[in-house]
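Shown next, in structure tokens, is the structure this report addresses.
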Amino acid sequence: MHEMSIVAGVLDAVTPSAEQAGATRVLAITLLVGDMTEVVDEALSFAFEALTEGTICEGARLVVNKVHPASVCFACGNEFDHDRFHRACPACGSYETQLTRGRELEIESIEVDLPE
Ligand SMILES: [Zn+2]
């Protein structure tokens, strides 16, 4: 499952930095996920719950901020938002476009509990 390896990668990045900061618990992890990645939210939550069990991240809130895709047109320079299936330029009809947003898969922020 795609989402399992994504979550495993996120935890590999989050866990050592939380521990380095002296955190006792991770409270929330916010991800930036582009629509073009075809990540399924439910599968992501499921993977997160399964993989955080017994770790510093157990019980943390997983927040997923979706990024709506956008492209730029090489023919006329138009920049436009679109959905996952329609990437033709709405101004000139060209298919020679390049995605500028929508493939993000990043950790936006983490929130930890620090001892007093
Ligand atoms: Zn165009």
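The values are calculated or read from the model by the stated rules, or taken from the named source; none is laboratory data. Small disclaimer: the values here were computed from a predicted structure and weren't measured. Cβ atoms come from the backbone with ideal geometry, glycine included; neighbour counts cover every protein chain shown. Calculation scope for accessible area: heavy atoms of the full protein, side chains included, ligands and nucleic acids excluded. Shrake-Rupley method; radii C 1.70, N 1.55, O 1.52, S 1.80 Å.
If you take the residues of segment 60-85 that are assigned to a loop (DSSP other than H, G, I, E, B) and surrounded by fewer than 12 Cβ atoms within 10 Å (Cβ to Cβ), which of them is modelled with the lowest pLDDT?
Phe85
If we scan segment 31-53, do we find a residue that is in a strand (DSSP E or B) and either open to solvent by 50 Å² or more (accessible area, probe 1.4 Å) or farther than 30 Å from Cys89 by Cα (or both)?
The answer is no; no qualifying residue exists.
Tell me which residues, restricted to segment 86-110, are open to solvent by less than 90 Å² (accessible area, probe 1.4 Å) and away from the ligand (no atom under 16 Å from the Cβ).
Selection gives Gly102, Glu104, Leu105, Ile107, Ser109, Ile110.
Any chance you could count how many residues in segment 1-30 are open to solvent by less than 10 Å² (accessible area, probe 1.4 Å) and either β-branched (Val, Ile, Thr) or over 16 Å from Val64 (Cβ atoms) (or both)?
Residues in segment 1-30 being open to solvent by less than 10 Å² (accessible area, probe 1.4 Å) and either β-branched (Val, Ile, Thr) or over 16 Å from Val64 (Cβ atoms) (or both): 5 in total.
If you check every pair at least six apart or on different chains, which have Cβ atoms under 6 Å apart with a residue in segment 55-77 that is touching a residue at least 24 places away in the same chain (Cβ under 8 Å) first and a residue that is within 10 Å of the ligand (Cβ to nearest atom) and of a type in the set (Asp, Glu) second?
Val72/Glu79; Phe74/Glu96
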